[in-house]
């Protein structure tokens, strides 16, 4: 059993790992971590197989695991929804195929990293029992009671469970996420963020990313920062403006701009959010030309994997030349804020028109 995938180097990474639990966000994040850690940089597109077990059979998955890497030291197989391979009625054929897969797990290819995800309600709470020596026998009974072949897979492969994170634990989780980014915060601020955002880890991660952009180089995240970015009293924020501009929705962008309470403190925040956004879009086409794997692509351009599609979809709206013009328009607006004292809203209106309509 593993507690975390953080700080595990490739040479120590298990060649077979099963990831399961109730927190889909944490499962997907762990999958991304596992893939980016193990996938070779060279010939990555030829050495990565992502399969949905709804669409293949056990023998096909086993064959993919046994295949040799192409011009590389290793390859990666990501098997999603592994439980779907074993939902049908038992037969001699299915048991034989399952036995073949178990045989592979007993002696996996040293050049293959097999990453598996599955929905395993009968193993719910296994990590909590397994980590307590006094309850190890209960953990073993839970494993024995699991559906075949998962009662054996869990003993052959390394595994990590992501149980549901209850509301009383979420503020500490928020604090730990900020700490991972080199920021300090407290229970009051974390609880405020949860109150504003809810208990969805995906939504909380989204808001944390926004807050990190907002505080920039500051080491402390306080309640005021949370309220500014995620406050329920604010109908829109700089990220809503960014998204409207990304969609080339001029009417929506101007509506959001009008509703924003723009102050001396927030001008440069909006500029920073928009500049970083278009700078990422500027880097994205070149990265996409050489990196096929979505997990590696997200890491290369500095975007969380969950939000990568939000960026790639914007490329349908902006040509490379338009993205360059957007960066120029943003820089011009920044210079006006520093050298002149006209209407803040007027400067932003001119900038948005230049970005969306090229005027």
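The values are calculated or read from the model by the stated rules, or taken from the named source; none is laboratory data. Because the structure is predicted, anything quoted here is derived from the model rather than measured. Note that each Cβ is placed from the backbone with ideal geometry, even for glycine, and that neighbours are counted across all protein chains shown.
Does residue 206 count as within 28 Å of residue 26 (Cβ to Cβ), touching a helix residue (DSSP H, G or I) at 6+ places or on another chain (Cβ under 7 Å) and either surrounded by 15 or more Cβ atoms within 10 Å (Cβ to Cβ) or in contact (Cβ under 8 Å) with a residue 60 or more places away in the chain (or both)?
When the stated conditions are applied, residue 206 does not pass them.
Pairs, please: C-beta under 7 Å, at least 6 apart or cross-chain, first residue touching a residue at least 12 places away in the same chain (Cβ under 8 Å) and in the stretch 242-260, second in a loop (DSSP other than H, G, I, E, B)?
Note: pairs meeting the criteria are 246/317; 247/317; 248/317; 256/236; 259/235; 259/236; 260/236.
Yes or no, residue by residue, for (1) more than 17 Å from residue 18 (Cα to Cα); (2) free of Cβ contacts under 8 Å to residues at least 12 places away in the same chain; (3) in contact with a helix residue (DSSP H, G or I) (Cβ under 6 Å, 6 or more places away or on another chain); (4) assigned to a helix (DSSP H, G or I):
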{"position": "83", "(1), (2), (3), (4)": "no, no, no, yes"}
{"position": "93", "(1), (2), (3), (4)": "yes, yes, no, yes"}
{"position": "103", "(1), (2), (3), (4)": "no, yes, no, yes"}
{"position": "128", "(1), (2), (3), (4)": "no, no, no, yes"}
{"position": "139", "(1), (2), (3), (4)": "no, no, yes, yes"}
{"position": "142", "(1), (2), (3), (4)": "no, no, yes, yes"}
{"position": "147", "(1), (2), (3), (4)": "no, no, no, no"}
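Only one residue in 277, 318, 305, 295 is over 28 Å from residue 47 (Cβ atoms) and either touching a strand residue (DSSP E or B) at 6+ places or on another chain (Cβ under 9 Å) or modelled with pLDDT under 95 (or both), so which one is that?
Working: 318 fails: either touching a strand residue (DSSP E or B) at 6+ places or on another chain (Cβ under 9 Å) or modelled with pLDDT under 95 (or both); 305 fails: over 28 Å from residue 47 (Cβ atoms); 295 fails: over 28 Å from residue 47 (Cβ atoms).
The conditions single out 277.
Give just the number: which of (1) part of a helix (DSSP H, G or I); (2) touching a residue at least 40 places away in the same chain (Cβ under 8 Å); (3) over 25 Å from the mean Cα position of the chain (by Cα) does residue 68 not satisfy?
Here residue 68 clears every test but (1).
Quick one: residue 41 ticks every box in (1) over 20 Å from residue 155 (Cβ atoms); (2) in a loop (DSSP other than H, G, I, E, B); (3) touching a strand residue (DSSP E or B) at 6+ places or on another chain (Cβ under 9 Å) bar one, so which box is it?
(3)
Could you tell me which numbered condition residue 161 fails, if it satisfies all but one of (1) in contact with a helix residue (DSSP H, G or I) (Cβ under 7 Å, 6 or more places away or on another chain); (2) exposed (fewer than 14 other Cβ atoms within 10 Å of the Cβ)?
Unmet condition: (2).
Tell me, which residue of the stretch 44-58 that is exposed (fewer than 14 other Cβ atoms within 10 Å of the Cβ) and not in a loop (DSSP other than H, G, I, E, B) is modelled with the lowest pLDDT?
45
Of the residues in the stretch 179-203, how many are in contact with a helix residue (DSSP H, G or I) (Cβ under 7 Å, 6 or more places away or on another chain), in a helix (DSSP H, G or I) and more than 18 Å from residue 28 (Cβ to Cβ)?
Number satisfying all stated conditions: 10.
For the stretch 228-259, what are the residues that are farther than 22 Å from residue 281 by Cβ and at pLDDT below 85? Before you say what the answer is, go through the steps one by one.
Residues of the stretch 228-259 that are farther than 22 Å from residue 281 by Cβ, as a first pass: 228, 230-235, 255, 258-259.
Those that are farther than 22 Å from residue 281 by Cβ and at pLDDT below 85: 228, 230, 231, 232, 233, 234, 235, 258, 259.
Please pick out the residue among 79, 30 that is within 22 Å of the chain's Cα centre (by Cα) and either more than 21 Å from residue 119 (Cβ to Cβ) or not in a helix (DSSP H, G or I) (or both). Break it down stepwise before answering.
Numbers: 30 fails: either more than 21 Å from residue 119 (Cβ to Cβ) or not in a helix (DSSP H, G or I) (or both).
It is 79.
Select from the stretch 277-309 the residues that are part of a helix (DSSP H, G or I) and surrounded by fewer than 15 Cβ atoms within 10 Å (Cβ to Cβ) and list them in ascending order. Even if it seems obvious, please write down each step before you answer.
From the stretch 277-309, those part of a helix (DSSP H, G or I) are 277-290, 294-301, 305-309; that's our starting set.
Those that are part of a helix (DSSP H, G or I) and surrounded by fewer than 15 Cβ atoms within 10 Å (Cβ to Cβ): 285, 286, 289, 290, 307, 309.
Residue pairs, Cβ under 6 Å, 6 or more apart or interchain, first in the stretch 325-340 and within 11 Å of residue 268 (Cα to Cα), second assigned to a helix (DSSP H, G or I). List them.
330/274; 330/275; 333/347; 333/351; 334/271; 337/267
Find the residue count for the stretch 213-226, including only residues that are part of a helix (DSSP H, G or I) and crowded, with 18+ Cβ neighbours inside 10 Å.
Taking the stretch 213-226 and keeping what is part of a helix (DSSP H, G or I), we get 213-215, 223-226.
With crowded, with 18+ Cβ neighbours inside 10 Å added as a condition, the list becomes 214-215, 225-226.
Residues in the stretch 213-226 being part of a helix (DSSP H, G or I) and crowded, with 18+ Cβ neighbours inside 10 Å: 4 in total.
Please specify each residue of the stretch 13-26 satisfying the condition of being assigned to a helix (DSSP H, G or I) and buried (at least 20 other Cβ atoms within 10 Å of the Cβ). Outline the logic, then answer.
Taking the stretch 13-26 as the starting set, the residues that turn out to be assigned to a helix (DSSP H, G or I) are 24-26.
Once the filter is applied, which keeps residues that are assigned to a helix (DSSP H, G or I) and buried (at least 20 other Cβ atoms within 10 Å of the Cβ), the stretch 13-26 yields only 26.
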